[in-house]
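Asker: Quick one: the structure is below, questions incoming.
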Amino acid sequence: MTTKTTATATTTTARLVEVFSAIQGEGLNVGTRQIFIRFALCDLRCHFCDSSNTWNAPNVCRIERFPGSRDFEVYSNPVTLSMLLQWVERQNIPHLHDSISLTGGEPLLHASFLVEFLPQVRSATQLPIYLETGGHRSEQLAMVLPYLDSVGMDFKLESVSGEKRFVEHARFLQLCDDSQVEVFVKIIISASTDVVELEQAAQIIAKINRSIPIFLQPVTPLVSPIHAEKAIIAPSPDQVLRWQADMKRIVKHVRVVPQTHKMLNQL
Ligand code: SF4
């Protein structure tokens, strides 16, 4: 049985997994070049998680020496705001990056840190800030929303992830839609997707705003980090075609995009 993290970080230090430069492989920003700041800790336990190394706070983090080199220095956790700022500035060579990606784990578990860090990193790099999130912590989102340019929020289906957060997702998405932030929704689909649940998700999103882009992301097959005996199987082409058509009766924009960074064998 796994222990879930319930408290948010409250100091000006944060626990990181890594900082590196890469091509975004998912969602609305696919193909763009980003500086990734991967935060440690997550309070969800998705069956398909490909970042289960973030679930617990590691003693060390790794920082890429030069953007895209995959040559890393190792530092102790937690790290201070000024250290992180320095590492991001080192990555930010002229004309290379389109934005900074806050990823994890669940970056919003570090909301207090982000409230201090984000205005400083924006001023130092002039880069837009993009948040990747499980989409279930609206209180923490409200704290950092003024510093964000775009948000990619997951909408978890219990039939695929084992997590069901529909009420939290609705509150979170409403908050994004009420603000100036650009937002899209990512829904991971697998062979076990419950179509009723998928349609419920579309109805909830449509009630907030039918024009919010939805990305159906066929799961990259893997062995579940929660159930080692259970394989996570990608949906068939028939399923994907049918589910996209079903959802387009409810919401306007439904795109199907797999994890392209894995096709590139990227980190
Ligand atoms: S929210 Fe993301 S990091 Fe957390 S368990 Fe789910 S997939 Fe993994």
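Just so you know, all these numbers are worked out from the coordinates, no wet-lab data involved. Since we're looking at a predicted model, the values are computed, not measured. Counting neighbours? That spans all protein chains shown, and the Cβs are built from the backbone with ideal geometry, glycine included.
Asker: If packing is taken as the average number of other Cβ atoms within 10 Å across a peptide's residues, how do 21-28, 134-141, 55-62 rank, most packed first?
Answerer: Averaged packing, sorted descending, gives the order 134-141, 21-28, 55-62.
Asker: For the chain, what does the helix formula give at 222 nm: sum of -39500 (n - 2.57) over DSSP H segments with n ≥ 4, over the residue count, nearest 500 deg cm²/dmol?
Answerer: Calculated from helices alone, the mean residue ellipticity at 222 nm is -9000 deg cm²/dmol.
Asker: Evaluate the relative contact order of the range 3-263 (contact order divided by residue number), counting alpha-carbon pairs under 8 angstrom at least 6 apart; express in whole percent.
Answerer: 18 percent
Asker: Using the Cα centre of the range 1-152 as the reference point, and only Cβ charges (+1 on K/R, -1 on D/E), how large is the resulting charge dipole? Debye, rounded to the nearest 20.
Answerer: 180 debye
Asker: So how strong a dipole does the chain carry about its Cα centre when Lys and Arg Cβ are +1 and Asp and Glu Cβ are -1, to the nearest 20 debye?
Answerer: Values: 25 positive and 27 negative charges, 43 e Å.
The calculation lands at about 200 debye.
Asker: Taking the number of other C-beta atoms within 10 Å as the exposure measure, put His47, His253 in order starting with the fewest. Each step should come with its number before you reach the end.
Answerer: Values: His47 21, His253 15.
Lowest to highest Cβ neighbour count: His253, His47.
Asker: State the Cα centre-to-centre distance between the range 151-166 and the range 213-241 in whole Å.
Answerer: 13 Å
Asker: Another question, if that's okay. Among DSSP bridges having both ends in the chain, what percentage is antiparallel? Round to the nearest 5.
Answerer: 35 percent
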